Amino acid sequence: MIRNTPSRPDPSLPPIRANFYSDTQTRPTAAMKAAMMAAETGDEQHGDDPTIHALNDRMAALLGKEAALFLPSGTMCNEIAILVHCRRGDEVLAHHTAHIQAAEGGAPGALAGVSVLGLPGERGQFDAATLRAALRERRRHAPPQTLVEIEQTANLGGGSVWPIEKLRAVCDAAHEADMAVHMDGARLMNAVVASGVPAAEMAAGCDSVWLDFTKGLGAPLGAVLCGSAAFIDQAWLWKQRMGGALRQGGICAAACLYALDHHVDRLAEDHANAAALARGLAQIPGIAVETPETNLVFFDTSAAGVSAAELATRIRAEGVQISTMGRYRARACTHLDVDADGVALAIAAIRRAVG
Ligand SMILES: *Cc1c(COP(=O)(O)O)cnc(C)c1O
């Protein structure tokens with residue numbers, strides 16, 4: 001029996017000293033909270049919140065789209081995009097490890113009535129040839145294929161960055177087949193900082209795209225979905241229907257604006273910490289590390305003869321928290337609340353745990 005309610009912290013465990021569980025574990029900084037307290041606000045549903053308007057305008061410009069919509073979470077961005085792009089019975093094509101497929105509680109089926117066809121490919125990515133090979137003959141018997149979904153960076157692909165040429169080729173192939181393209185940009189700015197390719201260029205071939213503010217950018221809530229004015233107009237209808245239309249949400253949008261000003265360039269530090277963590281883990285017998293491209297470090301524990309869950313339990317007793325992504329696959333995320341000392345602590349704890 002699955003329990004849906006998250007468990008609360010176990011008081012018998014020691015305090016967490018280095019939290020690599022996820023980049024969602026960041027806490028708003030004092031300066032971010034001050035920006036939130038100073039925010040000008042109004043009733044968003046009535047079109048009156050100036051801080052949300054400012055954030056939306058800034059995001060539309062950053063991602064090179066006509067319009068933008070502030071939403072509470074990335075999951076809501078994905079699901080609203082699917083609802084706008086697709087009709088019941090349609091098929092969405094995405095990598096088989098995509099968040100929409102694996103980590104949204106079946107929402108594409110439950111909410112939009114679509115199915116997701118999982119495509120193969122290395123590191124959470126697929127190429128244009130794989131996409132073309134998955135196209136169905138357009139006939140009454142087949143589900144209409146209306147949307148291609150891309151994750152930048154690819155979370156379960158090890159935080160991999162889609163190269164711009166590959167992105168363009170996949171977008172072109174999708175459009176040739178009359179499909180729209182949606183980019184799950186939960187960690188889009190990590191890809192931008194790692195590659196030097198501007199966000200608008202990465203999103204150029206996408207009909208919709210969003211950025212999460214609660215991952216490495218360190219805000220307590222919020223994500224912004226961007227697209228054409230017509231797309232965002234339809235997205236607003238779903239935001240209203242789902243209860244995502246806010247009142248004085250500017251308090252939260254202010255945290256996102258603060259993050260755009262102060263927490264984007266520093267993602268490079270997270271990438272450097274991830275690289276240092278990977279180098280340290282690579283020295284440990286029995287641990288096989290996937291070379292990180294951004295802030296996610298995936299590693300395999302099978303040669304050490306210990307499951308990822310057992311390893312996580314052992315190092316949690318030393319105050320180091322990581323997550324598990326498979327029986328022998330563990331993930332450590334770097335973010336603004338872990339530093340070089342935390343990296344050293346994690347390497348030492350994992351070495352002891354498998355020794
Ligand atoms: C976290 C995440 C989401 C969902 O974002 P929330 O803000 O947690 O709802 C979607 N896609 C990817 C790739 C993610 O990592």
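Taking R87 and the conditions (1) part of a helix (DSSP H, G or I); (2) away from the ligand (no atom under 16 Å from the Cβ); (3) not small (G, A, S), which numbered condition does it fall short on, given that it satisfies the others?
Just one mismatch for R87, condition (1).
In region 141-156, which residues are open to solvent by less than 10 Å² (accessible area, probe 1.4 Å) and either in a loop (DSSP other than H, G, I, E, B) or at positive phi (or both)?
Hits for region 141-156 are Q152, T153.
Are any residues in region 78-97 open to solvent by less than 10 Å² (accessible area, probe 1.4 Å) and farther than 25 Å from D127 by Cβ, and if so, which ones?
E79, I80
To keep it simple, each residue is scored yes or no on (1) in contact with a Leu (Cβ under 6 Å, 6 or more places away or on another chain); (2) among the polar types (S, T, N, Q); (3) within 20 Å of L69 (Cα to Cα); (4) not assigned by TED's automatic domain parsing to the domain that holds G42.
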| position | (1), (2), (3), (4) |
| --- | --- |
| L221 | no, no, yes, no |
| S228 | no, yes, yes, no |
| Q234 | no, yes, yes, no |
| L246 | no, no, yes, no |
| A255 | no, no, yes, no |
| L281 | no, no, no, yes |
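Just checking, how many residues over region 192-225 are open to solvent by 10 Å² or more (accessible area, probe 1.4 Å) and among the hydrophobic types (A, V, I, L, M, F, W, C)?
7
Residues in region 119-129 that are free of Cβ contacts under 8 Å to residues at least 40 places away in the same chain and more than 14 Å from the ligand (Cβ to nearest atom): how many?
5
Suppose we keep only residues that are in a helix (DSSP H, G or I), out of contact with any His (no Cβ under 9 Å at 6 or more places or on another chain) and within 14 Å of the ligand (Cβ to nearest atom) within region 101-118. Which one would you say is most open to solvent (accessible area, probe 1.4 Å)?
The selected residue is L111.
Checking A229 against (1) open to solvent by 10 Å² or more (accessible area, probe 1.4 Å); (2) out of contact with any His (no Cβ under 8 Å at 6 or more places or on another chain); (3) under 27 Å from L345 (Cα atoms), only one condition comes out false. Which one?
Condition not satisfied by A229: (3).
Failed condition for T294, given (1) among the β-branched types (V, I, T); (2) open to solvent by less than 60 Å² (accessible area, probe 1.4 Å); (3) in a helix (DSSP H, G or I), with all others met?
(3)
Can you tell me which of (1) within 15 Å of the ligand (Cβ to nearest atom); (2) within 15 Å of A94 (Cα to Cα); (3) buried (at least 24 other Cβ atoms within 10 Å of the Cβ) is the one V170 doesn't meet?
Going through the list (1) within 15 Å of the ligand (Cβ to nearest atom); (2) within 15 Å of A94 (Cα to Cα); (3) buried (at least 24 other Cβ atoms within 10 Å of the Cβ), V170 breaks only (1).
Are there any pairs with C-beta distances below 7 angstrom linking a residue in region 71-100 that is aliphatic (A, V, I, L, M) to a residue that is open to solvent by 40 Å² or more (accessible area, probe 1.4 Å) and within 14 Å of the ligand (Cβ to nearest atom), with the two at least 6 apart or on different chains, and if so which?
Note: pairs meeting the criteria are M76/M242; L83/L111; A94/Q101.
Picking from G185, G159, which residue would you name as being open to solvent by less than 20 Å² (accessible area, probe 1.4 Å) and on the phi > 0 side of the Ramachandran plot? First the steps, then the outcome.
Working: G185 fails: on the phi > 0 side of the Ramachandran plot.
Testing whether each residue is open to solvent by less than 20 Å² (accessible area, probe 1.4 Å) and on the phi > 0 side of the Ramachandran plot leaves just G159.
Hey, among the residues in region 126-135 that are assigned to a loop (DSSP other than H, G, I, E, B) and touching a Leu at 6+ places or on another chain (Cβ under 9 Å), which one's farthest from A191 (Cα to Cα)?
Going residue by residue through region 126-135, those that are assigned to a loop (DSSP other than H, G, I, E, B) are 126-127, 134-135.
Imposing the further condition that a residue be touching a Leu at 6+ places or on another chain (Cβ under 9 Å) reduces the set to 126, 134-135.
Details: F126: 17, A134: 27, L135: 28 Å.
Among them, the one singled out is L135.
Identify all residues within region 35-77 that are open to solvent by 20 Å² or more (accessible area, probe 1.4 Å), over 18 Å from T214 (Cα atoms), part of a helix (DSSP H, G or I) and not hydrophobic (A, V, I, L, M, F, W, C); write none if there are none.
Those that are open to solvent by 20 Å² or more (accessible area, probe 1.4 Å), over 18 Å from T214 (Cα atoms), part of a helix (DSSP H, G or I) and not hydrophobic (A, V, I, L, M, F, W, C): Q45, H46, P50, H53, D57.
Restricting region 139-175 to residues that are of a type outside the set (A, V, I, L, M, F, W, C) and touching a Ser or Thr at 6+ places or on another chain (Cβ under 7 Å), which is farthest from A204 (Cα to Cα)?
Looking only at region 139-175, we keep the residues that are of a type outside the set (A, V, I, L, M, F, W, C), and these are 139-141, 143-146, 149, 151-153, 155, 157-160, 163, 165-166, 168, 172, 175.
Remaining after also requiring touching a Ser or Thr at 6+ places or on another chain (Cβ under 7 Å): 143, 153, 157, 159-160.
Values: P143: 27, T153: 16, G157: 22, G159: 21, S160: 19 Å.
So, considering only residues that are of a type outside the set (A, V, I, L, M, F, W, C) and touching a Ser or Thr at 6+ places or on another chain (Cβ under 7 Å), the one farthest from A204 (Cα to Cα) is P143.
Which of the residues that make up region 157-185 are among the charged types (D, E, K, R) and part of a loop (DSSP other than H, G, I, E, B)? Break it down stepwise before answering.
Residues of region 157-185 among the charged types (D, E, K, R): 165-166, 168, 172, 176, 178, 184.
If the condition is that a residue be among the charged types (D, E, K, R) and part of a loop (DSSP other than H, G, I, E, B), then D178 is the only one that fits.
Can you tell me which condition P6 does not meet? The list is (1) under 20 Å from G244 (Cβ atoms); (2) within 16 Å of the ligand (Cβ to nearest atom); (3) open to solvent by 60 Å² or more (accessible area, probe 1.4 Å), and all the others hold.
For P6, the failing item is (1).
For residues that are closer than 14 Å to I82 by Cβ, within 16 Å of the ligand (Cβ to nearest atom) and in a loop (DSSP other than H, G, I, E, B), tally how many sit in region 207-253.
Qualifying residue count for the region: 1.
The values are calculated or read from the model by the stated rules, or taken from the named source; none is laboratory data. Fair warning: this is a prediction, and the values are worked out from it, not measured in the lab. In this analysis, Cβ positions are derived from the backbone assuming ideal geometry, glycine residues included, and neighbour counts consider all displayed protein chains. Surface areas here come from the heavy atoms of the whole protein model, side chains and all, with no ligands, DNA or RNA. Shrake-Rupley method; radii C 1.70, N 1.55, O 1.52, S 1.80 Å.
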